Amino acid sequence: MSEITLQSTITCPVCGHSEIETMPVDSCLYFYECQGCGALLSPKSGDCCVFCSYGTVPCPPKQKIARSSEHPCCKAENNRADS
């Protein structure tokens, strides 16, 4: 199992400014102020945080889910042979 990545580069969709940021390990960041133009970024529809929407790496909670045996695609009921 690989380690959780804690740094992601956020790119502002308004001005294109990129900034390397350290992500919180146990929560999602809902708002981010662009250091280039001051735009207040919020997650796109369907995303949990700004890192999942505008970052190069998804947030640690999403990374943990993707590596977990509890991930929806890995649940036993989704892998039944009788479907």
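For segment 1-16, enumerate the residues that are aliphatic (A, V, I, L, M) and outside any loop (DSSP other than H, G, I, E, B). Step through it out loud before you land on a result.
The initial filter retains those residues of segment 1-16 that are aliphatic (A, V, I, L, M), namely 1, 4, 6, 10, 14.
Passing the criteria: only I10.
State all residues of segment 40-83 that are modelled with pLDDT of 95 or more, out of contact with any helix residue (DSSP H, G or I) (no Cβ under 6 Å at 6 or more places or on another chain) and not hydrophobic (A, V, I, L, M, F, W, C); if no residue qualifies, say none.
Residues satisfying the conditions are S42, S45, S53, Y54, G55, T56.
Of the residues that sit in segment 6-54 and are farther than 20 Å from K64 by Cα and among the hydroxyl-bearing types (S, T, Y), which one is farthest from the chain's Cα centre (by Cα)?
Out of the qualifying residues, it is S18.
Is it fair to say S18 is among the polar types (S, T, N, Q) and out of contact with any Gly (no Cβ under 9 Å at 6 or more places or on another chain)?
no
The values are calculated or read from the model by the stated rules, or taken from the named source; none is laboratory data. What you are looking at is a predicted structure, and each value in this text was computed from that prediction instead of being measured. Don't worry about glycine lacking a Cβ; one is built from the backbone with ideal geometry, like all the others, and counts go over all protein chains shown.
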